[in-house]
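As structure tokens, the structure follows; a few thoughts come after it.
Only the coordinates and a few stated rules stand behind these numbers; no lab work does. Just so you know, these numbers come straight off a predicted model, no measurement behind them. Virtual Cβ from ideal backbone geometry, glycine too; neighbours counted across all protein chains shown.
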């Protein structure tokens, strides 16, 4: 093979490479265009939904934070009220116990003299009955 033939083959091969690169470039552009048109509508739809969902998420997060703060506030209030309720119940029980004790003492103080009088009267009755039996 001569030098010119070799150069001619090299040039021919380089032309083939150029044609292949041009065809590939056209195919790439076509594939890009087809793919863009195929996914464009879906992407726009999803982006719209995504935007809406992100807004909903932000709103829900804000409300969750608000409710979380409210929950902490209510937990503190409930804890305080439970403690106060417990104290009041103890005071109530103590007060009732004292009052019942006073009532019981008052009852004993009123009943005991009466029982003593009853015993004295019963003794008198027995004495009268004995005397009546003797007198019979």
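Could you tell me the ratio Rg/Rh of the chain? Both radii from Cα atoms, Rh via Kirkwood.
Radius of gyration over Kirkwood radius for the chain works out to 1.97.
Can you pull the one-decimal nm distance between simple spin-label points at residue 71 and residue 25, each 7 Å off the Cα toward Cβ?
6.2 nm
Once the Cα atoms of helix 3-135 and of the chain are each reduced to a long axis, what angle between those two axes, in degrees from 0 to 90 to the nearest 10, is obtained?
The helix 3-135 is inclined about 0 degrees to the chain.
For the chain, what is the mean residue ellipticity at 222 nm derived from helices alone (per DSSP H run of n ≥ 4: -39500 (n - 2.57); sum divided by total residues; nearest 500 deg cm²/dmol)?
Taking each H run of at least 4 residues, the total per residue is -38000 deg cm²/dmol.
Can you tell which of 71, 122, 93 shows the greatest fluctuation in a Gaussian network model of the chain with Cα springs below 10 Å?
122
Take the alpha carbon atoms of the range 93-136, find their center, do the same for the range 12-67, and report the distance between the two centers in whole angstrom.
Between the Cα centre of the range 93-136 and that of the range 12-67, the gap is 105 Å.
Choose one answer from 60, 29, 76: the residue with the largest mean-square fluctuation in a GNM of the chain with alpha-carbon springs under 10 Å.
Among 60, 29, 76, the largest GNM mean-square fluctuation belongs to 29.
Which residue fluctuates the most in the chain, going by a Gaussian network model with Cα springs under 10 Å, if the choices are 50, 121, 74?
It is 121.
When the C-alpha atoms of the range 61-130 are aligned to their principal axes, what extent does each axis show, in angstrom, from largest down?
Answer, in whole Å and largest first: 98, 14, 8 Å.
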